[in-house]
Each structure stands twice: as C-alpha cells, then as structure tokens.
Amino acid sequence: MKTKFQTKFIPIFITFLLLMGLLAFGSLKYTGFFSLQNFFNLLIDNAFLLITAVGMTFVLITGGIDISIGAVIALVCMLSANLLQKGWNAFVVMVLMLVVGAVFGTGMGIFITKFKMQPFIVTLAGMFLARGLCYVVSIDTIIIDNPVYVAISQSRINIGTGFVSWSVVIALIVLAAAFYVLHFSKFGRRIYAIGGNEQSARLMGLPVDQTKILVYTLNGCCSALAGIVFSFYMLSGYGLHTVGLEMDAIAAAVIGGTLLTGGVGYVLGTLLGVLTQGSIQTLIMFEGTLSSWWTKIAVAALLCLFILIQRVFTLVKTKKAKPI
Amino acid sequence: MKDIKNITKNQIFWPITALLLVLLFNLFFTPGFFKVEVKDGHLFGSIIDIINRGSPLMLLSIGMTLVIATGGTDISVGSVIAISAAVAASLVGGEMIFVEGVQEYVTLVPMPIAILATLVVAVLLGLWNGTLIAKLGIQPIIATMILMVAGRGIAQLITAGQIITIYYKPYFFFGGGYLLGLPFAIFIVGIVLLIIMLLIKKTALGLFIQASGCNASASKYTGIYVDRIKLIVYTLSGLCAGIAGVLISSNIKSADANNAGLFIELDAILAVAMGGNSMTGGKFSIPASIVGALVIQSITTTIYSIGVPPEITLVVKAVVVIMICLLQSEEFRKLFANTSWLQRRNTLENKISN
C-alpha cells in the first residue's frame, strides 16, 4: 500500500521539485524575483489558464480531449466586448457568456457521445467554428470600456505586503470546487471510473454518456469563465486572442500528473502545472533578451518530457504486472 | 441500372458531384468565371487561379489522406508550412542590389541547396511527429498539437519576428511561374501525386496503411510493422507540407511566421473528409481527396468573387466538417434510417428475397 502511494505521486513530486528549482533559480539570479508580490503575479497572470486547465483536467480524466478552449475564450472575449459596446449590462453579459460556453460544451459532448464521433475532430471543428464566429463579430480589436469591467480589472485585494486581483479569487474558488467535486462526489467517482475503463463503467451501470456530456458542459463553462477573466485581464476582444492556449492547458494538466490515457489526474497537480508554466514565463521576462516565443517552445518541451516520464512509468508498471 | 449503382458507389463520385455543383453555381451566378484568356503567353482566369491557389492544399491533402488512413491526424501542417517558408526565405532571402543602376537579384545560398535544406527540415519535422506517435505512443492529436503551437514559435525565431521578403526572381517561379501555359505549381502537385500513387499502388505500402487504419493490433499480428508505417506516413505528411511551404512563400514572395498556413489544417482535413475518406482510418483514396481540395478552393474563390464577407468561410468550413462526420457516423444514420423510406424499402427487399 505504501509503495503504491509513492509511485502514484512521483510525477507530481517531480513537478513540485521542478517548480521549486525554477523559483530558487530565479531568486538567486535576478533581484526582485524573490518577493511575495512576484508570486502573486504568477497567479494574477495565469488565473484564466488555471480555470480552463481545471476544466481540461476533467476532460482528460475521462479519456477525452478538447482543443477548442482557446477559441472559445477568444469568442467569449469578442462577444462580451461587442455586447458591452452596445450598452448591455455587465452582469447580464457575464451570465450570457457562461450560457454560451455551456451550450458550446454540451453540443460537442452530444456529438462525441451520442454520435460516437472522435473527440479531436469534433473539438477541432468547434475550435474553427469559434474562431470563425469571432471574425464574424469583428475582424478588429474591440476595446472594453464598461465601468464594471474596468473596476473589476483594476481592483486589488491586499494580502500582507502584496495584492491579488478578483480573477485570482475566482480561479481559486473554481479550483476548490473542482477539488471537492472530483474527490468527494458521486460525479467525480464516475469520471474516474469512465477514464479507467469506459466499458467496465458502462457494464457497472454508470450513466456514461450523461456523465461525459456533463464533463464537456463543465469544460465549456470553465472556458467561458476563463474568457470572462481574460477579458478582465485584457479589456479587449480580438479574434486571435489565446491562440495555442489549448496546449498550455493540456500541458498544465499533464505536468500536474494527469494521464493522457485517462483515469488518473488531480486538480491540485494542475495548479502546480500552471505555476510551473507561469514561472518559466516570468523567468523569460526577467531575462529580457529572450523572445517571448521561447515560452511556447519551453512549455512544448516540458510537455514532451512529462509525457515521456508518464510513458516510462506505465511501461515499468506493465512490466511489473506481467510475471503475475 | 447496375452500372449507375456502381458509379455512385465509387468513392470519387460524390466529390466530383460536389465540384460540379460548385462550378454550376458559378456558371449562373458569377459572370466571367469560366473565361480563360491568354495573357503574357499563359492561361489566365478564375479556373486557372483555383488550380494555382489550390496547389498547396492539394499537396497537404495527399499527406493528410495517408495520415488519416492510419487512424491519425496531423494538425501541425500549418506550422510546418510556416517553418519551411521561414527556412526557405531566410536561405534564399537575398537582397536587391543595384549594379550600375540596374536591379540585380542575388541569393544568399544557391537555390537548389536552399530548397533541399527546406525539404530536409520538413522531413525532420514529420519524423519528429512520427516518432512521438509511433515510438512513444502519444495520441496523434496531442503530438501534432505540440508542433502546431511550438512550430510557430520556431518559425518566429528563424525570421527573428520579422516578415522576410524574398528578392530572388528564379524562386518566384515555383508558386507564380507558368509552364506550357499552366501554373508551374500544378506540375509539382502532379509529380508528388504520381510518386505517391506509384508507392501505394505498386508496392504493398497502400495495403499496409489501410490495414493499420482498419485494425492496428490485427495488422501487428499479421506481421505488419505498424510503427514503421506510421512513421513513414507522418514523414510524408511533413514533406508535403514542406513543399506547400515553398509554394506559398514563393507565391507571396515572403515568409510570415504568424500567418503562413494559418488555419490551413482545417482545410486539409476538410479536403480528406470531402473526398469521402473514413475519418476513423482504413479505406482511402488520394485522387478523391485532391478533388475534395479543389472543391474547397472553388468554394473559397466563389465566396471571394460573389462578395460574401470572407470571415464567414471559417464558420462554413467548420459546419461542413461536422456535417460530413455526422453523415459518416453510424448512430446518426440509424437515427434517420428508423424513420425514413430507406428502412421500409430494405424490409420490403428482405421480404421479397425471402
């Protein structure tokens, strides 16, 4: 029992060490890196990524994938910018955006489960549909100058010597809720069961289709919420916002110990994954001379590395299992 | 009667019908669509334009057909185009210099070497995808997504964040030149098509690809090296994207790391879907995909020429992909078969035959 506990958490432990290593490296190399505010900035800059990565973790645990999230976030930014410009109430817009995300997610979930289409092709089409809709709304950047959005975007919550933004609070609430749902609810157990073995889950009498559709709906909601938070952060809508974010979210989940084959994953690990990516970004920013494109390349390399680690662990496991 | 049934059952029948429909639409609604003139010694007109603009897409659809036939997907082709365009542009690049008041074009590296280097890079990128998928067993969508996102970054680093303009005339021939009155690009497509068709029809490769797509583990047990087949397929896809990158950079005379080949992976997948290929792998036909690519290019050109905002195209294409996949989905067919006349006819036929 004890050894099982250890091997299960080794990838997360590696991530934790990596994060600490990155932070220590930054603190030693750059002045001003080691401060409470710099750590809070990690959260502030990556709140939207954390929210959408949590949704992605759910999808990955069921053994599915969703590559439409970046486009959905862009669509939410674009739509809310457009509606706010027309003078809609800010809170009505936010609720409407959540509904849009949920409908988008549910639609994809139905295609995937009811019509047995592959998740990648459905979400790929969803990705282009959402990007296309962005361009239909407008091909230019729309600035958000709604007073409520601006107020939320500029407000600070002081903690000790530093401060965080409302986005961070929202992200942490989402994280806590996801943690509860995943580990302490029936729904969470079903998700793990489906990811572990969908056939068995079905034979056990679990409502597989219903659960999977709900997971995609949840993921759609998370992307929409991330989109709202991102529009606080950017205060604009643009069709090419968050291109390639899907990889960041998948990378955050995978670095945090979620298996791409499904059945294993932890939202707290996803938090570590997001923070690791954030610190890489901060390090590249502090270095100053490097192109920001290095962040994408570094994250891609890290994703490859962690997939490799997972592969090694599963190989070791199957080899151990064989003699029996 | 039987002959007609055989024709409609042929995979290439439906894409050709779609192509004819699009052309028919243009015959009525786009004046001058079919006008082909001879200007500067080569043919000129909308049809020629479709062939020229569609060439990169046709190349991509060749590679993508093979990849999808093995049950995979390659969404990195857009980034491979960006990288190969960046490599080609920075190697050929060149400057415009004036020698005694006359413009002269120079290249940094001899052009054949530059193009060879570009294609080698593209093959390496394809091999990278193939290695991740075949050797490490990563799902194709994630493996190629890594290159899709990081690839644009690599292209940015090669071009140092700039749009590189090419000042070397012979290079423009690939994407903009004409041979025997036809765009040169279509000859490149023809050559690639010929080589690949020979490979899959005259060797067992085509059969192996189809087998791996139908049932990977069964193929493995019959002695097919499924890993190796996948590696070959992704490498070919990379190579096709590389050639497409050369064509595109030559056509627009520059390399733009951000926008070269952006969203083109959807077009390539759509071309394969339009060609009537199974999206889950197995049966495939490259000529059908080529016709599919032509349909898409005709639709795009039509949208431009009848004045519908081009922003809509992405939405239309996404919806069409979903529709085609729905039609291929067995569950969706059942939904309609239960209520439609088809089933009644089937039961009647069964009764008669019994």
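Summary of values
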item	result
Percentage relative contact order, region A:48-271, counting C-alpha pairs under 8 Å, at least six apart	45
Lys/Arg +1, Asp/Glu -1 at C-beta; chain A dipole; positive extreme among A:GLY160, A:GLY256, A:PHE48	A:GLY256
Dipole in debye (nearest 20) - chain B, about Cα centre, beta carbon charges: Lys, Arg +1; Asp, Glu -1	1420
Surrounding net charge for A:SER236, when Lys and Arg each add one and Asp and Glu each subtract one, Cβ distance under 12 Å	-2
Amide H partners (placed H, <5 Å) of A:SER236, local residues excluded	A:ILE144
Chain B, helix-only ellipticity at 222 nm - DSSP H runs n ≥ 4, -39,500 (n - 2.57), divided by all residues, nearest 500	-22500 deg cm²/dmol
Shielding by partners - mean other protein chain Cβ count within 10 Å, residues of A:112-125	6
Gaussian network model of chain A, Cα within-10 Å springs - most flexible of A:ALA226, A:ALA71, A:ALA102	A:ALA102
Size of electric dipole in the protein assembly as shown: Cβ of Lys, Arg +1 and of Asp, Glu -1, about Cα centre, debye, nearest 20	2740
Relative contact order %, chain B, counting alpha carbon pairs below 8 Å whose residues are six or more apart	31
Under 15 Å, Cβ to Cβ, from B:GLY238 - net charge with Lys/Arg +1 and Asp/Glu -1	-1
In Hz, Karplus ³J(HN,Hα) per residue of region A:116-132 (6.51, -1.76, 1.60; θ = phi - 60°; x = Gly, Pro)	6, 8, 5, x, 5, 6, 5, 6, 5, 4, x, 4, 6, 4, 5, 4, x
log10 of Debye I(q)/I(0), alpha-carbon scatterers only, for region A:51-115 at 0.14 Å⁻¹	-0.48
Degrees separating the helix B:13-29 axis from the principal Cα axis of chain B, which is the longest one	60
Rounded to 10°, Cα long-axis angle of helix B:140-159 versus longest principal axis of chain B	10
Most mobile listed residue (B:ASN277, B:ASN129, B:ASN26) in chain B, GNM with C-alpha springs under 10 Å	B:ASN26
Sum of side-chain charges, A:PHE120 neighbourhood, beta-carbon under 12 Å (Lys, Arg +1; Asp, Glu -1)	-4
Debye, to nearest 20: dipole size of region A:48-271, +1 on Lys, Arg Cβ, -1 on Asp, Glu Cβ	500
Highest average packing first - A:89-98, B:238-247, B:132-141, Cβ atoms within 10 Å	B:238-247, B:132-141, A:89-98
Sum of -39500 (n - 2.57) over DSSP H runs of 4+, divided by residues of chain A (222 nm, nearest 500)	-26000 deg cm²/dmol
Overall form of region B:47-330 per C-alpha gyration tensor (a/c, 1.5; a/b vs b/c)	prolate
Euclidean distance of C-alpha centroids, region B:245-295 and region B:15-89, integer Å	8
Euclidean distance of C-alpha centroids, region A:119-168 and region A:240-276, integer Å	19
Cα lying deepest toward the dipole's positive end in chain A, options A:ILE61, A:GLY126, A:ILE297, charges on Cβ	A:ILE61
Cα centroid of region B:153-185 to Cα centroid of region A:63-100, whole Å	39
Degrees separating the helix B:77-92 axis from the principal Cα axis of chain B, which is the longest one	20
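Bear in mind these aren't lab numbers, they're just calculated from the coordinates by the rules spelled out. Source: prediction; values computed, not measured. A quick note on method: Cβ atoms are made from the backbone with ideal geometry, for glycine too, and the neighbour counts reach across all protein chains shown.
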